[in-house]
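Have a look at the structure below before the remarks.
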2 protein chains.
Amino acid sequence: MSSELARIEELSRLFGATLAGGGGVVVGIGDDAAVLEGNLVWTIDEQVEGTHFRRDLASWRDIGWRSFMAAASDLAAMGAAPWCALSALALPADLDDAALAELAAGQADAARAIGASIVGGNLARAERVSITTTLLGRAAHPVLRSGAKPGDSLWLAGAVGHAAAGLRILNASAGAPASAGAIAQALLAWRRPVARIADGLHLAGAAHAAVDISDGLARDAGHIAQASGARLILDAAALEADDVLVVAAAAAGASPLDLALHGGEDYALLAAGPGPLEGFRRVGDVIGGAGVALRTPRGIEAIDPRGFDHFD
Amino acid sequence: MSSELARIEELSRLFGATLAGGGGVVVGIGDDAAVLEGNLVWTIDEQVEGTHFRRDLASWRDIGWRSFMAAASDLAAMGAAPWCALSALALPADLDDAALAELAAGQADAARAIGASIVGGNLARAERVSITTTLLGRAAHPVLRSGAKPGDSLWLAGAVGHAAAGLRILNASAGAPASAGAIAQALLAWRRPVARIADGLHLAGAAHAAVDISDGLARDAGHIAQASGARLILDAAALEADDVLVVAAAAAGASPLDLALHGGEDYALLAAGPGPLEGFRRVGDVIGGAGVALRTPRGIEAIDPRGFDHFD
């Protein structure tokens, strides 16, 4: 089976052949979200039991919340303001009414938290729970993955590696570790991520390119590098300067830098531009070339490409 | 576990509490699609392996086609013109690249057939194939489920019962019956349904209410009855006057009337209004009261509520 990226390329080719259809498409496949005429930004995300979550590691309310925020994060990365959402739920026979109500309440909590309205959806029977959320947002000047230029700085809003640390801690402790301080923050980062809508709204007119960090910083930075035809250099020191990450990584038995580079599901935002950007901190540079590399005290180093791939 | 309708009511309550969010919502949960300001009509539909399709009964290209048309049919029922779509695919490890390419090609075929552009999507790993399609359409005057009035006639565009007959024949013959004529039409109705977009566009300004027939005529007619606060009387003779249905039902070992009333997945359109409606034939009346009943030579009879319910 091909990698996720190879499959997306094949789908882009097949679906791209339909683009003559309705007209009014500003940006099609290949960014965090599609852009349609009328300043509309549109995305869809699916969270599947066994792939993205397990019942023993989070409450149904958490699962509803994080599935909604995962979709909303794509709007944040485009600099869009959330507007409306539809929710498609695939539910097994053993999911009772109380669990469904909690799941939906988590989605509704998340929608309210970012000012979106859930205006419809779909219910279907399945063997495993699957939560598919589509969101429409509005942006007068959407920020794409392309557009990063040599000379730009890289800017990060939100933490990276916290959610991955939290998930490792949960897995190691069978779901209910005693927690406080940094560890509690890491658990919350995985269970209750927050799409960085307000930070995203600062991107318009200020950033040249942006992406949200769902699959890991190194991998998602690669999307900007590829779309922009540039090379992204991440500063190891800037990524490691995070006390919560250091403590949580130790508890998770992982290196802070590994978690920062490859841990997904934090839904931080990475942007390229001259900066400074309100709400963002500087974490690297854009230069000529291709790919993503790391600046360490030893010099520029390659990054082992270990981001999450659904199909590798 | 509650019925699908009870669950939708609970979700409507929870999601309805988010409606203050983004504003600009003309019609929220409870119709075939949501209506947003800017003449936008928006729907989502999910087709799950084992629930909506089996690999041995249809090709991947058929499965892609019918999943797309199932979503597009909601736009037809609103009198909307399709515009753009997003496709979220959940794929098991054993689905190879060729199968995925065929599935996506079927979606692209369907999109082209109705003039829609597929502008993005999502890929996720799952144990079973699941295809979630969200479509945006445009309608200056969307037709809702509410609005049917006593004195209206009922109008049907497209056949009912064909797809259910086709599915029964496929199930009985382990997937590959010799077929010709009416039976071939029934198989095609199940494998390659077509959303009745052109018929739907005749509804605006002419029909008081409409719905698409995905779960069975009796059940979907009930949505108009409930939303409109009226009683719908379907004419048995009008439903049985269908040569293909009669022949295919005999091959399927079922009653034509049963298939017409309870067979789903034909994606016909049912409308209420004074008529006549171009592309539609008259199949009954709207009177005062509630629910759906059948007019037979013996008089008005109750309909056994056997439409497809995912959770009963």
Exercise for the section: Place the label 7 angstrom along Cα→C-beta at B:Ser173 and in each other copy, then list the distances from the first to the rest in nm, shortest first. Expected result: 6.0
Practice task
Mind listing the label-point distances from A:Ala237 to the same position on all other copies, shortest first, one decimal in nm, points 7 Å along Cα→Cβ?
Solution key: 9.1
Problem - Heavy atoms of B:Ile197 accessible to a 1.4 Å probe, total area in Å² rounded to 10 - result: 20 Å²
Completion exercise
Ranking A:Trp42, A:Trp65 from most to least accessible area with a 1.4 Å probe gives A:Trp65, A:Trp42
Problem - Label point distance in nm, A:Ala237-B:Ala98, each placed 7 Å from Cα along Cα→Cβ - result: 5.6 nm
Exercise for the section: Give the accessible area for B:Glu102 in Å² (nearest 10); use a 1.4 Å probe, count only protein heavy atoms, and leave out ligands, DNA and RNA. Expected result: 80 Å²
Problem - Qualifying trypsin sites (Lys or Arg not before Pro) for the stretch B:8-116 [loop in DSSP, other Cβ within 10 Å: at most 15] - result: B:Arg54, B:Arg55
Completion exercise
With all protein chains in place and a 1.4 Å probe, A:Glu240 shows an accessible area in Å² (nearest 10) of 80 Å²
Problem - Within the protein assembly as shown: Cβ-based charge dipole about Cα centre, in debye rounded to nearest 20 (Lys, Arg +1; Asp, Glu -1) - result: 600 debye
Practice task
Please arrange A:Val247, A:Val292 by accessible surface area, largest first, computed with a 1.4 Å probe and ligands excluded.
Solution key: A:Val247, A:Val292
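Across peptide B:107-117, how many C-beta atoms of other chains are within 10 Å of each residue C-beta, on average?
Numbers: counts 4, 8, 3, 1, 7, 4, 2, 3, 5, 3, 14.
Taking the mean over all residues of the peptide, I get 5.
Based only on the alpha carbon positions, what is the Kirkwood hydrodynamic radius of the stretch B:136-251, in angstrom? The partial results should precede the final answer.
Numbers: mean 1/r = 0.0634 Å⁻¹.
By the Kirkwood definition, the hydrodynamic radius is 15.8 Å.
Leaving ligands, DNA and RNA out of it, rank A:Arg128, A:Arg298 by accessible area with a 1.4 Å probe, largest first.
Values: A:Arg128 90, A:Arg298 180 Å².
Largest to smallest exposure gives the sequence A:Arg298, A:Arg128.
What order, most packed first, do the peptides A:142-149, A:23-30 have when packing is the mean number of other Cβ atoms within 10 Å of each residue?
Final packing ranking: A:142-149, A:23-30.
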Practice task
Give the shape of chain B as rounded, prolate or oblate, defined through the alpha-carbon gyration tensor: a ≥ b ≥ c are the square roots of its eigenvalues, a/c under 1.5 means rounded, and otherwise the shape is prolate if a/b is larger than b/c and oblate if not.
Solution key: oblate
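The values are calculated or read from the model by the stated rules, or taken from the named source; none is laboratory data. What you are looking at is a predicted structure, and each value in this text was computed from that prediction instead of being measured. With ideal geometry, Cβ positions are generated from the backbone for all residues, glycine too; neighbour counts draw on all protein chains shown. To get the accessible areas, we keep the full protein, side chains included, count just its heavy atoms, and leave off ligands, DNA and RNA. Shrake-Rupley method; radii C 1.70, N 1.55, O 1.52, S 1.80 Å.
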